[in-house]
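In what follows, a single structure is set out as structure tokens and then discussed.
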Amino acid sequence: MRAVLIELVVMVLLVGSIYFLEAKIRGKNTTDMRIIGGIAWNIQYYSYVVPITVKPVVRYDERFATETLLCGGSVIGSHWIITAAICLERISRLEIDNTDLLIKSGVKSWNGTSNSDRFFAQHDVDSYYIPDSEGYIGLIKVIQRFTHLIQRISLAGKSYRLKTDSTAQMFGFGANSKTGGHNYIFKGISGKITRLYHCKKLLGSIYDTNLQPEYSLCFQPTREAFIKPDACDGDSGGPIVENNVLIGIIFSERCGDRLASQHIKVPGFEDQLRKFISRFNINIRLRFV
């Protein structure tokens, strides 16, 4: 009996060691194994992902009395991030001043500080824009530049070949349950890109027909036992990537009710982004692949 128990213990330790080694190789951090579902990833390898927060402010409606996560975004230039236009519309609708917004970089949790994160930096917001005529994507300019320690993500351009069933990841800092459970750390979900008709079939009545097909990306997460991994509150605007290329922007936050989710497809916006930058003489060097 004792020999059997010893053998079981050895097996458990061996499996755990293999999993830890695999996670380290993939750039993952195993400190928190339970966005909804998903696991913690090492922000060092994906430092272009940043949280957009609201500073603690005194308001007539008592909102934002403490620091609050609003959305996610991706660094695309020394002073620029890309996000979803719905995040910027939320800023306007909630009457949030630019001076009350804060972008953090180099953080493994959205409420991180210089005490908790070695490469922590904070960036005040200068201005923000919706550069496309459809009103899907948003650009935010910050005052303090992103350092060389923060990656700039490349964007999928109009010639990018987005293949069905290709593996992708979705990243964010948002809630970890549809009842608003708190999640502070950086998490990721693995999945695949699937066809829109398949997305319509899986989503049924909640499929968003307002998101035009040419700008629509369907992401089907890898199932985790009985959990349906998904984006949740605070994840909108965050990245969907393939080999560290930005192919999508999180658009929807239904929090675990879906077998697939519908988001913004980036390749269709190359021309509009280039025209916007040229028209307003904006100093930003976008990298399209």
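Across the range 41-69, the qualifying residues are those that are out of contact with any Phe, Trp or Tyr (no Cβ under 8 Å at 6 or more places or on another chain) and within 14 Å of residue 111 (Cβ to Cβ), and the one among them that is surrounded by the fewest Cβ atoms within 10 Å (Cβ to Cβ) is 66. Looking across the range 188-221, the residues that are of a type in the set (Val, Ile, Thr) and touching a Lys or Arg at 6+ places or on another chain (Cβ under 8 Å) come down to 193, 206. Listed by position, the strands (runs of 3 or more DSSP E) inside the range 212-278 whose residues that are within 13 Å of residue 170 (Cβ to Cβ), at pLDDT below 95 and not charged (D, E, K, R) number at least 2 are 216-221, 261-265.
Any residue at all in the range 117-126 that is more than 23 Å from residue 241 (Cβ to Cβ), touching a helix residue (DSSP H, G or I) at 6+ places or on another chain (Cβ under 6 Å), of a type outside the set (Phe, Trp, Tyr) and part of a strand (DSSP E or B)? Yes, the range 117-126 contains a residue that is more than 23 Å from residue 241 (Cβ to Cβ), touching a helix residue (DSSP H, G or I) at 6+ places or on another chain (Cβ under 6 Å), of a type outside the set (Phe, Trp, Tyr) and part of a strand (DSSP E or B).
Residues that are at pLDDT 80 or above and hydroxyl-bearing (Ser, Thr, Tyr) were ranked within the range 182-204; the one that is farthest from residue 250 (Cα to Cα) is 197. All of 81, 143 fail the test of being at pLDDT 95 or above and either in the same structural domain as residue 262 (by TED's automatic domain parsing) or within 14 Å of the chain's Cα centre (by Cα) (or both), apart from 81. Selection within the range 89-117: residues that are under 17 Å from residue 140 (Cα atoms) and among the small types (Gly, Ala, Ser). The member of this set that is surrounded by the fewest Cβ atoms within 10 Å (Cβ to Cβ) is 92.
The values are calculated or read from the model by the stated rules, or taken from the named source; none is laboratory data. Quick caveat: nothing in here was measured; it's all calculated off a predicted structure. Neighbour counts are summed over all protein chains in view; Cβ atoms, including those assigned to glycine, are modelled from backbone coordinates with ideal geometry.
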